[in-house]
Each structure stands twice: as structure tokens, then as C-alpha cells.
Amino acid sequence: MKKTVALLVLVSCLFIAQTAFAGLDDKRSDIVAKFGEYRMVLDDNGRIWTKADWETGGKEVASTYIYYYMAKDVKVQLDVMYAEKKGDKNPYVRAQRFTPDWAIQLKELKVYFPEVYALVTSPEAHVFTTREKLTKNFLDEKSPVTLGVMVAKEPQSVPGMYTLVSFNIKGEGTYIKDPKAINGDTYISEIVVERTLKRNTVDPNDTKNWSFQENVFK
């Protein structure tokens with residue numbers, strides 16, 4: 001049921017492997033090498049195409065390429081947005097969204113999404129919570145509190161930017177309303193990896209309503 005609803009929302013807004021793939025320095029060829037070819041495409045007009053129809057279609061512009069893979073025993077929908085430029089056959093990843101068939105817990109991130117885990121536990125990773133809208137790319141309804149990670153290292157593909165990882169989190173059947181309620185048993189229903197403007201973790205005026213904290217993933 002969740003996958004059906006998610007696909008409907010996907011239309012209105014925006015493979016088989018063993019580990020997750022994450023990083024803004026990855027190119028289309030990296031994704032293909034890891035997961036094989038895309039299964040579907042969302043175009044700029046919000047229409048969903050199968051791969052076969054897309055490749056025989058007209059001059060529509062692709063917004064999102066949709067892949068599927070298995071992370072251990074969990075099926076994952078991976079939506080990839082590329083920084084496509086005219087004539088570029090192998091563009092960099094601009095954003096990625098991971099949507100597992102069922103939510104996993106924070107303490108399971110290393111098991112199901114080891115490369116995301118490596119990203120959010122890197123020396124440059126700064127964990128925070130916020131009540132502001134952190135990303136426009138969540139499909140599922142979200143809790144009032146969002147868990148985020150700013151990776152303070154400039155990707156080679158986009159100098160002057162950082163990487164932002166957003167987690168759509170929930171309690172056991174409930175929304176998270178208090179950051180203190182976040183722990184290893186907290187559930188993750190979606191993960192979004194995308195670009196963000198560089199921010200200063202020291203200056204509170206530069207981080208808006210981000211409350212930095214100890215890294216909950218370690």
C-alpha cells in the first residue's frame with residue numbers, strides 16, 4: 001500500500017544489489033554499474049514512463065530516474081536526479097532518495113545502508129535536528145522534527161556546496177515531536193542525499209533553526 005501511495009505522490013512532485021549507494025561525486029555510469037539500468041522515469045511534467053516507452057518517446061525532459069534493488073531483505077526504491085547538461089552523457093548525481101519497503105531503525109542503518117552510514121559517520125559529518133522544512137524531496141508524511149546530517153566537505157562535482165542527508169523519522173507508530181525522543185530504536189522511512197549551501201556550524205545565525213548534537217549514528 002505504501003509503495004502505491006508513494007508512487008502517486010511521486011507523480012505529483014518530483015536493480016538488484018546488496019548495499020546502498022550514496023554520494024554527489026557519483027555519475028550515472030556509477031549508478032548503472034552498481035544497480036543496472038533504471039526501471040522508470042518521471043518527466044518534468046510529472047508523468048511516469050517505463051524505460052522502454054521513455055527511450056522511444058519524444059523530447060520530454062527527465063526529472064527523476066527510478067531504480068529498485070534489495071538491501072538485505074528489504075526492497076528499496078532509489079530515485080536519482082542527475083545534474084544533466086546538454087551534451088553530457090554521464091552527468092553527476094544531484095540528489096538521491098532511498099525509500100525502503102518498510103522502515104528500518106537508526107541502529108540498523110549500517111546493516112541496510114552501509115555507504116550512507118559511512119557518509120553520516122565521516123569526520124566531516126555534523127548531526128542536527130530541526131523543525132524547519134529541511135528538504136522538498138520527502139514523499140511520506142513527516143514528523144515535526146527532522147533528523148539531518150551536514151557533511152562539511154565540498155563534493156568535487158559542486159565546489160562551494162556541502163552534502164545534506166535528511167532522514168524522515170518516526171517513533172513506533174507515532175510522529176517524533178521532541179528531539180530527545182530520537183534514539184537507536186527510532187524508525188527511518190526515507191533518506192534523501194542532496195546538495196546544500198555551505199553553513200558555519202559555529203555561528204547560530206548561519207544555521208537558522210538547526211540544533212547540532214552528538215552523532216546518534218556512532
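The values are calculated or read from the model by the stated rules, or taken from the named source; none is laboratory data. Since the structure is predicted, the reported quantities are computational estimates derived from the model, not experimental observations. Every residue, glycine among them, receives a Cβ derived from its backbone with ideal geometry; neighbour counts consider all protein chains shown. SASA here: full protein model, heavy atoms, side chains in, ligands and nucleic acids out. Shrake-Rupley method; radii C 1.70, N 1.55, O 1.52, S 1.80 Å.
At a 1.4 Å probe, what is the % contribution of carbon and sulfur to the accessible area of the chain? Whole-percent figure for carbon plus sulfur exposure: 51. In this view, the solvent-accessible surface of E214, computed with a 1.4 Å probe and all protein chains in place, comes to about 150 Å².
Ligands, DNA and RNA aside, M40 has an accessible area near 30 Å² when probed at 1.4 Å. Placing a label point 7 Å from the Cα of E154 along the Cα-to-Cβ direction, the residues of segment 166-202 whose backbone N falls under 19 Å from that point are 194-202.
In order along segment 62-70, phi translates into HN-Hα couplings of 7, 9, 9, 9, 10, 10, 10, 7, 9 Hz, rounded to whole numbers, per the Karplus curve 6.51 cos²θ - 1.76 cosθ + 1.60 with θ = phi - 60° and x for Gly and Pro. Note that the chain presents 50 Å² accessible area per residue, ligands and nucleic acids not counted, probe 1.4 Å.
Residues in segment 140-156 near a label at K177, defined as backbone nitrogen under 19 Å from the 7 Å Cα→Cβ point? Taking a point 7 Å out along Cα→Cβ of K177, the residues of segment 140-156 whose backbone N falls under 19 Å are 141-147.
For the pair T121 and K198, the difference between a 0.36 nm per residue extended length and the Cα-Cα distance amounts to 25.9 nm. With all protein chains in place and ligands, DNA and RNA left out, the 1.4 Å accessible area ranks R28, R131 as R131, R28, largest first.
Considering only Cα atoms, the convex hull volume of the chain works out to 126 Å³ per residue.
With all protein chains in place and ligands, DNA and RNA left out, the 1.4 Å accessible area ranks D140, D53 as D53, D140, largest first.
Cut-off 14 Å, label point 7 angstrom out along Cα-to-Cβ of D44: give me the residues of segment 62-105 whose amide nitrogen falls inside. Zone members listed by number: 62-64, 82-87. Heavy-atom accessible area, probed at 1.4 angstrom with all protein chains present, ranks V32, V149 as V32, V149, highest first. In this structure T201 has an accessible area near 60 Å², from a 1.4 Å probe over the protein heavy atoms. Placing a pseudo-label 7 Å from each Cα along the Cα-to-Cβ vector at Q105 and K85 gives an inter-label distance of 4.6 nm. Distance from the Cα centroid of segment 71-88 to that of segment 159-218 is 22 Å (rounded to whole angstrom).
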